[in-house]
Amino acid sequence: MSVVYTMCVPHPPLIIPKIGKGREQEIHKTIESYQEVMKKAASYHPETVIVISPHSIMYSDYLHISPGKHATGNFGTFGASQVSFSEDYDQPFVLHLVDACEKAGIPAGTLGERDPHLDHGTMIPLYFLEKYTHDFQLVRIGISGLSYATHYALGQAIAQTADKLKRRVVVIASGDLSHKLKDDGPYGFAKEGPIFDQEVMQYLAAGDFLNLLSFDYDFCENAAECGLHSFQIMAGTLDGKKIEPHVYSHEGPFGVGYGVVDFTIIGNDESRHFAKQLEKRHEEKMAVLKAKEDPYVKLARYTVEYYTKHHTLPDMPENILDEMKTKRAGIFVSLHKDGQLRGCIGTFQPTCTCIAEEIRQNAISACSRDPRFDPVREEELKDLVYSVDVLGAVEPIEDISQLDPVRYGVIVSHGRKRGLLLPNLPGVSTVMEQIEIARSKAGMYDDEKADLARFEVVRHT
């Protein structure tokens, strides 16, 4: 056997009666849908149930698979410790899955477990499933900050492991949708929230996993989504399969989206190998992006690519703009990969003879000397997205009313401590957020008064 059935389900704690205390009836459609899909899951008599949870152990660059023989958990965090779980892990499956990931070059494994207890993203699906069956072993998997394609590849490795071990496997992708559907919700409203919910449900209903793997990263962050990576891993378990999706419900009365969708496997379909299609789409997107890069960014890219391959500074190109050879300015060079920062180094005042030289020096530092990251590897070059910020004059200011996180960058200083944050960054929407991040970068204590300065930038992409 192999993967026999998969689903996407939410994990609102108040869906548990001991926690909701009556409020769970406000999402009764979700409860009824949960009961239907779990009854169906039990009918497959799964030997192994894989739960993918955003609230399991999570790392930015590593997909965690829970180790050990056994795990327990309860809802004590939500005032219902009497609702508890005791689960046996499928150790052979985990060992073979880790081996499959290693062979495929997927950064996944059992290292680094900080808390062995089951999380609520795992326990809520189990609460409903165990109304119908207990005769299975569990595999618990977290998500990461890695690319969509990497999560999908983990799903492929899960399916390969199930085939190899001839296990009957049910895959449960646990995850809410957007957390920003309503002004009076716990996280407020963002215009991206309802759009995210609509598009995810549309793609799941159509089995359109290519678009499920193609969301803009900043858009997802603004929507405060929860379950997308879980859904992508589940989608990978269905690679090359002909499926029948069914939407049971979608609601969000508390400002958080809850969707229940299942996927019945009815055969094979060679047109549904989405990893290859995603790679082709990514290559086309990068080609368009590179064609549009302006001379500032072209110089940064050329410098990083040459330095990464040859470990030395290239000669200055002859066809750079006159203004880049004659003007001086502070420069920040930023590298992104798969929507995540991959390196950023800069100078708020000029240190070189011209802008072009400033770009070259900071590009090399961004790709090889940013202490937050390992040096860029040659195989990553094709996936890097660049921006170059040219800083204007730094102006001391008296108070935060003179700041605007979209228009102005900020510099905070106290003695020798100094922290800088560029303007118009994803996820930074208020002045206080901007200042707190800058203070953190400066290593300032809460009781240390900061002097403030602002600057404008011209961002080149």
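The values are calculated or read from the model by the stated rules, or taken from the named source; none is laboratory data. Because the structure is predicted, anything quoted here is derived from the model rather than measured. When we count neighbours, we look across all protein chains shown, and the Cβ atoms used for this are built from the backbone with ideal geometry, even at glycine. With ligands, DNA and RNA removed, areas are computed over all heavy atoms of the protein, side chains included. Shrake-Rupley method; radii C 1.70, N 1.55, O 1.52, S 1.80 Å.
Please work out which one of (1) open to solvent by 30 Å² or more (accessible area, probe 1.4 Å); (2) in a strand (DSSP E or B) is the condition Y127 fails and give its number.
Among (1) open to solvent by 30 Å² or more (accessible area, probe 1.4 Å); (2) in a strand (DSSP E or B), Y127 violates only (2).
For residues in segment 268-320 being in contact with a His (Cβ under 6 Å, 6 or more places away or on another chain) and in a helix (DSSP H, G or I), which is nearest to T461 (Cα to Cα)?
V297
Being at pLDDT below 95 and surrounded by fewer than 21 Cβ atoms within 10 Å (Cβ to Cβ) is the filter here, so list the residues in segment 134-148 that pass it.
Correct list: G145, S147.
If the Cβ limit is 8 Å and pairs must be 6+ apart or interchain, which residue in segment 92-115 that is within 20 Å of G145 (Cβ to Cβ) and polar (S, T, N, Q) pairs with which residue that is part of a helix (DSSP H, G or I) and at pLDDT 95 or above?
What qualifies is T110/V94; T110/V98.
Could you give every pair whose Cβ atoms fall below 8 Å, whose first residue belongs to segment 132-145 and is farther than 9 Å from H64 by Cβ, and whose second residue is part of a strand (DSSP E or B) and open to solvent by 20 Å² or more (accessible area, probe 1.4 Å), counting only separations of at least 6 or pairs across chains?
The qualifying pairs are Q137/D88; L138/D88; G145/Y59; G145/Q340.
Quick one: in segment 335-366, of everything that is open to solvent by 10 Å² or more (accessible area, probe 1.4 Å) and part of a strand (DSSP E or B), which residue is farthest from E456 (Cα to Cα)?
K337
Say whether the condition of being within 25 Å of G419 (Cβ to Cβ) and in contact with a Lys or Arg (Cβ under 6 Å, 6 or more places away or on another chain) is met by at least one residue in segment 298-308.
Taking every residue of segment 298-308 in turn, none turns out to be within 25 Å of G419 (Cβ to Cβ) and in contact with a Lys or Arg (Cβ under 6 Å, 6 or more places away or on another chain).
Out of curiosity, is V394 touching a Leu at 6+ places or on another chain (Cβ under 9 Å) and either open to solvent by 20 Å² or more (accessible area, probe 1.4 Å) or among the hydrophobic types (A, V, I, L, M, F, W, C) (or both)?
For V394, the condition - touching a Leu at 6+ places or on another chain (Cβ under 9 Å) and either open to solvent by 20 Å² or more (accessible area, probe 1.4 Å) or among the hydrophobic types (A, V, I, L, M, F, W, C) (or both) - is not met.
What residue, among those in segment 240-252 that are open to solvent by 30 Å² or more (accessible area, probe 1.4 Å) and more than 21 Å from E36 (Cβ to Cβ), is nearest to the chain's Cα centre (by Cα)?
K241
Hey, can you tell me all the residues within segment 18-60 that are of a type in the set (K, R), in contact (Cβ under 8 Å) with a residue 24 or more places away in the chain and within 21 Å of T77 (Cα to Cα)?
Once the filter is applied, which keeps residues that are of a type in the set (K, R), in contact (Cβ under 8 Å) with a residue 24 or more places away in the chain and within 21 Å of T77 (Cα to Cα), segment 18-60 yields only K18.
Conditions first: (1) out of contact with any Gly (no Cβ under 7 Å at 6 or more places or on another chain); (2) within 28 Å of K285 (Cα to Cα); (3) open to solvent by 10 Å² or more (accessible area, probe 1.4 Å); (4) touching a residue at least 24 places away in the same chain (Cβ under 8 Å). R328 passes all but one, so which condition is the exception?
Result: R328 fails condition (2) only.
One residue is enough: does segment 445-460 have a residue meeting the conditions loosely packed, with under 14 Cβ neighbours inside 10 Å and in contact (Cβ under 8 Å) with a residue 40 or more places away in the chain?
Scanning segment 445-460, I find at least one residue that is loosely packed, with under 14 Cβ neighbours inside 10 Å and in contact (Cβ under 8 Å) with a residue 40 or more places away in the chain, so the answer is yes.
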